[in-house]
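Everything below concerns the one structure shown next.
Each value in this text was obtained by applying a stated rule to the coordinates, not by laboratory testing. Nothing here was measured: the structure is a model prediction, and the numbers come from that model. Please note: Cβ atoms are built from the backbone with ideal geometry, for glycine as well, and neighbour counts cover all protein chains shown.
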Amino acid sequence: MTDQVRTEAERVADALRESIIARTRPPGSRLIERTIAAELGVSRLPVRDALRVLEREGLVARVGRSIAVRQLGLRDLGELAEVSEAFDVVAARLAAERRDDAEVERIRSTFAEVGRSIGGDDAGATARSVLAYRGAIADASRNPFVLEISTLLRGREAGAVLAPRLIAEHGAAVVRAIEARDAAAADEGVRAQYAAARSAVRAEVLAELEAKVAASRAAGGR
Amino acid sequence: MASEPAARVPEAKRIQIALRQQIVEGQRVPGTPLVERSIGEEFGVSRLPVRQAIQGLVAEQLVVPGGARSPATVRGFDDEELDALSVVHATLERLVIRWAAMRRTAEQVEALRLIVPETALDGAVDAAAMRRAVLEFRAYLFVMADSPILDELNQLVGARVTQVISHALEPAVAGHYLEALYRAIALGDAELAETVLGEYIAPGKFDSAKRA
């Protein structure tokens, strides 16, 4: 494989990853080599390589003979939330203890980008900015094992647990804590993000329950 | 190198698996040279599959490649890497033990009990047997936790983590911790399991593996 082909496959993988995280390719949607190649104006070979990469990352999975965006079950989501929270806490704590000025700057600017991109209508840009922000924190942890795990989890989680909006709302406290080298506050900030995500899911389940019960009662099925 | 006979590949894999186990279980300690010729004799194979197995272990970061005239050696841990591993280890074990306690079945509890060795209070234990028990216990926790994502993370860092666990093991007390962990899991008390684990892998636990 020449360098040029590899770069092209990487570029395709990046584009697909973004669209999956941004939900422009929703869970369950099929990824067809030929179509993607035509869309991105490349040959099928780099697309095939890119899909292999995404399969390793767990973002897509084989369904019979085709490849589709992976659909996370509720149990998977629950597990991912707990695992991601645990390792995000570790990353943020370590980042607060070890970060240098350049790393703080990168965390701050990538976080600002998250806020800016949410205002716009480019879901791909939002997905990109969230990945960059979380990557900046993981890098600042300076722990190769944390970095490796957090890279895997970021791809897997793909915004399904932590919506970009939640990161934008609660992230400022995390960024401030890392800047102030306050590991305990960084820890607390990350947990608050995940607590907000859990509350949102609970509220959604309960609201749906209430609506359905009301609808069924109104239909007279007592 | 590109056109090796296909039959060589499984042989190399088999040796890689066997060597990996010996390294992570501490039978081949850090710094031990891996001499192709003698390992080949040990396994009754030629040097080629041994070389491939060693290359695989280098890729797994368990082995330091040899030079022109020196053999590859089992990798040790520098202090920085130990610290980096210990924080990941603590986080991963906490999750796996929680889920093992929450999800255990009656059969699994029984199987787990059989792994816990009887430990005399006078400190007289078979260190090798204890090391095997600790690693078997840990592996079984992942079975009980039944979590694809934890399995995946364990695959990423498990070999190095396991190597450090067996290196830092205190055989005289490890059995007592296993017994307490077993009781917490059997009771389904995830909080107790985490408390016991927290004591077992208290910060600095891996320090005993650091070079003096």
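General observations
- Close amide H pairs (under 5 Å, H built 1.01 Å from N) link residue B:28 with B:23, residues at least 5 positions away or on another chain.
- The mean number of Cβ atoms from other chains found within 10 Å of a Cβ in peptide A:82-88 is 4, as a whole number.
- Comparing A:92, A:136, A:180 in a Gaussian network model of chain A (Cα springs below 10 Å), the most mobile by mean-square fluctuation is A:180.
- Where a label projected 7 Å from the Cα of residue A:10 along Cα→Cβ would reach, residues of the stretch A:32-49 with amide N under 20 Å: A:40-49
- Computed [θ] at 222 nm, helices only, for the protein assembly as shown once each DSSP H run of length n ≥ 4 contributes -39500 (n - 2.57): -24000 deg cm²/dmol
- Rounded to the nearest Hz, the phi-derived 3J(HN,Hα) couplings of the stretch A:33-47 under the Karplus curve 6.51 cos²θ - 1.76 cosθ + 1.60 (θ = phi - 60°) are 3, 4, 4, 5, 4, 5, 4, 8, x, 10, 7, 6, 4, x, 5, where x marks glycine and proline.
- Stretchable slack from residue A:23 to residue A:62, in nm (0.36 nm times residue separation minus alpha-carbon distance): 12.2 nm
- Using a Förster distance of 60 Å, the FRET efficiency for residue A:201-residue B:42 (Cβ separation, nearest 0.05): 0.60
- Extension gain (nm, one decimal) between residue B:136 and residue B:22, 0.36 nm per residue minus Cα-Cα: 39.6 nm
- Residue B:106-residue B:151 FRET efficiency (beta carbon distance; Förster radius 22 Å; 0.05 resolution): 0.45
- Inter-centroid distance (Cα atoms) of the stretch A:138-188 relative to the stretch A:48-64, Å: 25 Å
- Against the compact-protein benchmark of 2.2 N^0.38 Å, the Cα-based radius of gyration of the stretch A:78-222 scales to 1.21.
- Prolate/oblate/rounded label for the stretch B:79-209 (Cα gyration tensor, a/c 1.5): oblate
- Chain lengthening between residue B:113 and residue B:32 when straightened (0.36 nm per residue, less Cα-Cα): 25.7 nm
- Amide N of the stretch B:98-119 lying under 12 Å from the label point, which is placed 7 angstrom from the Cα of residue B:143 along Cα→Cβ: B:105, B:107-116
- Peptide packing for A:94-106, A:156-168 was compared via the average number of neighbouring C-beta atoms within 10 Å per residue; ordered from the highest value, the list is A:156-168, A:94-106.
- A cut-off of 5 Å between modelled amide H atoms, ignoring neighbours fewer than 5 places along the same chain, links residue B:72 with B:34, B:66.
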